[in-house]
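Participant: The structure's right below; bear with me while I get my questions together.
Computed from the coordinates by the stated procedures, all read-outs in this text should not be read as laboratory data. Remember, it's a predicted structure, so these values are computed and weren't measured experimentally. Glycine gets a Cβ as well: all are built from the backbone with ideal geometry, and neighbour counts include every protein chain shown.
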Amino acid sequence: MDISVPFRWPVLSQSTVDRVIEQLSVSISIYDRSGVFERFEDRMASYHGRRYAVLFNSGTSALFASYVALGLKPGDRVLCPAYTFLATATPLLSLGIAPVLIDCDDSGNLCPVALAAEMSSEVKAIVVTHMWGLPASIEKIQAVADQYNVPVVEDISHSFGARTSGRLMGTFGKVAAVSLQAQKTLTGGEGGVLLTDDEEVYYRSLAVGHYNKRCKNEIPSSHDLHQIAVTGFGMKFRAHPLAVAIADEQMDSIENVLQQRRSVAAAMMSELSRDEKLKVPYINDDIEPSWYAFVMVSEPRVVDYIVKRAKEIGMVNLDRPLSTCPLNHHSIFRDPGQFKGYYPLLPSSAPVQPPSPNAERVWRGSLKLPVWHEKRDLELARYHVNTLVELSREFES
Ligand SMILES: Cc1ncc(COP(=O)(O)O)c(C=O)c1O
């Protein structure tokens, strides 16, 4: 088996090329909700069974729009996972909010118990990521939020197509945002989508990133924001039609990709179950991850050893997530005030953070493989896991 061949994603076929060429002849800038924008937004909304889907030029800007649309203000108390990709939470910083970082459970996802411990009437929003495509305990998280009538924002950038008890991620929170960046399960190269059932969130999100024609067409004249339809709030986060044409074409095969990844991941899991040192997070029967990645957790010293040996034997697809780390490792979350001179909208300080030992342990102990998506890769996927199991045994001896 050749472990020196890099995992390739996305799959761009002749059909992708055809759709891009077709779009080139139609338009490379769309000012309203027409053409490929309308088609793709309708598809996103109907896939998730949500009323509204709004395109953005990135997942980061879709998250930013979500936070603005919820009416969050500088200094607001927002609870966010301690362990997530930085862009889940950096848009909060740019609104003058330093999030409270909540520890994860053994799965690496926001822990509902740790969340409940930080809840109060002061909390204005809860953010949740379904890390690496594994659904968080979203029903429990939503129950905690409902108790305090606090909106939940789901970052489904890793978990497009993942389900809990048959229900898709992105259908629980008041708002959900997804990245369409190149590595993502559904991709356009770059791009993002905001999902909501809430009319007010929809109008506000338009004013955040879609000034002029879209706002004029879609925000009713009876709404306060119609007065600023031409200008919006000042920023433009419109998507590129070629990126959306790619994402629209990729959407045609999304169920097939998810299905393939599930069967490959099952094979990878079965290789691992014989081993004690490397563990995948426990997955309940009612959970269907999207398998954005296959993350195993072990002791950091075992991980150090495996990473070193994997490099020696030329295994190129093994990754130790580094920048996807507990957020308090980033200076901007620890001490945003230090950078206020450069960007005055940053918060002056961070709140006193609750401890997050699990986030640290899960991150330091994580090893990540891609989940291959074609039948012919099944043996290759098994072989990777098997090799890692052998390396972990070497560590013992
Ligand atoms: C969990 C998560 N949230 C947000 C983002 C930001 O998305 P984008 O890169 O499209 O801005 C990413 C993408 O890398 C991500 O993985």
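Participant: Nearest 10 degrees, 0 to 90: what angle lies between the long axis of helix 35-48 and the longest principal axis of the chain (Cα atoms)?
Facilitator: 60 degrees
Participant: Another question, if that's okay. Take residue 165 and residue 299, extend 7 Å from each Cα along the Cα→Cβ direction, and tell me the distance between the two endpoints in nm.
Facilitator: Reported label-point gap for residue 165 and residue 299 is 3.9 nm.
Participant: Also: Can you list the lysines whose alpha carbon sits under 27 Å from that of residue 375, skipping same-chain ones fewer than 8 residues off?
Facilitator: In chain and number order, the partners are 184, 279, 311.
Participant: A further question on this structure: To the nearest 20 debye, what charge dipole does region 60-199 have about its Cα centre, counting +1 at the Cβ of each Lys and Arg and -1 at the Cβ of each Asp and Glu? Kindly include the intermediate steps, with their values, before the conclusion.
Facilitator: Working: 8 positive and 14 negative charges, 30 e Å.
It comes to approximately 140 debye.
Participant: Rounded to the nearest 500, what is the 222 nm mean residue ellipticity of the chain from helices alone, with -39500 (n - 2.57) per DSSP H run of 4+ residues and division by all residues?
Facilitator: -11000 deg cm²/dmol
Participant: Of 363, 372, 291, 9, how do they rank once you tally other Cβ atoms within 10 Å and put the fewest first? Walk me through the intermediate numbers first.
Facilitator: Details: 363 22, 372 26, 291 29, 9 16.
Listing 363, 372, 291, 9 from fewest to most nearby Cβ atoms yields 9, 363, 372, 291.
Participant: Here's a follow-up. What length, rounded to one decimal in nm, is gained on full extension from residue 227 through to residue 113, with 0.36 nm per residue of separation minus their alpha-carbon distance?
Facilitator: Details: separation 114, 0.36 × 114 = 41.04 nm, distance 4.39 nm.
Additional length available on full extension: 36.6 nm.
Participant: For the chain, what relative contact order do you get, as a whole percent, if you take Cα pairs closer than 8 Å and at least 6 residues apart?
Facilitator: 23 percent
Participant: Taking 0.36 nm per residue of separation and subtracting the Cα-Cα distance, what length does fully extending residue 348 through residue 120 add?
Facilitator: Using 0.36 nm per residue and subtracting the Cα-Cα distance, I get 79.9 nm.
Participant: Among the lysines, which have Cα under 28 Å from the Cα of residue 73 when same-chain residues fewer than 8 positions away are ignored?
Facilitator: Partners within reach: 124, 140, 174, 213, 216, 236, 340.
Participant: Separate question: Under a point-charge model restricted to the Cβ atoms of Lys and Arg (+1) and Asp and Glu (-1), what is the dipole moment magnitude of region 1-140 relative to its Cα centre, in debye to the nearest 20? Show your work: numbers first, answer last.
Facilitator: On the way: 11 positive and 14 negative charges, 64 e Å.
Computed about the Cα centre, the dipole is about 300 debye.
Participant: Just to confirm the number: angle between the C-alpha axis of helix 138-147 and the first principal axis of the chain, 0 to 90 degrees, nearest 10?
Facilitator: That helix lies at roughly 40 degrees to the long axis.
Participant: Ranking 323, 298, 179, 34 by Cβ neighbours within 10 Å, fewest first, what do you get?
Facilitator: Values: 323 8, 298 22, 179 29, 34 14.
Final ranking by Cβ density, sparse to dense: 323, 34, 298, 179.
Participant: For the chain, what is the charge dipole size about the Cα centre, in debye to the nearest 20, if Lys and Arg each add +1 at the Cβ and Asp and Glu each add -1 at the Cβ? Present the calculation step by step, with values, prior to reporting the outcome.
Facilitator: Working: 40 positive and 46 negative charges, 138 e Å.
Around 660 debye, computed over the chain.
Participant: Which of 302, 352 comes first, and how do the rest follow, when ranked by fewest Cβ neighbours within 10 Å?
Facilitator: 352, 302
Participant: How far apart, in nanometres, would the label points at residue 31 and residue 328 be if each is projected 7 angstrom from Cα along the Cα-to-Cβ direction?
Facilitator: Output for this residue pair reads 5.0 nm.
Participant: Treating the angle as unsigned and between 0 and 90°, give the value, to the nearest 10°, between the Cα long axis of helix 241-251 and the longest Cα principal axis of the chain.
Facilitator: 50 degrees
Participant: I want the antiparallel fraction of DSSP beta bridges within region 14-252, as a percent rounded to 5.
Facilitator: 50 percent
Participant: Turning to a different aspect of this structure: With labels modelled as points extended 7 Å from the Cα through the Cβ direction, what inter-label distance (nm, one decimal) is found for residue 376 paired with residue 276?
Facilitator: Spacing of the two 7 Å Cα→Cβ label points: 4.0 nm.
Participant: Right, next: So between residue 149 and residue 42, what do we pick up on full extension, going 0.36 nm a residue minus the alpha carbon distance?
Facilitator: Contour length minus the Cα-Cα distance gives 35.6 nm.
Participant: For residue 5 and residue 256, FRET efficiency with R0 = 25 Å and r from the beta-carbon atoms, rounded to 0.05?
Facilitator: Result of the calculation: an efficiency of 0.70.
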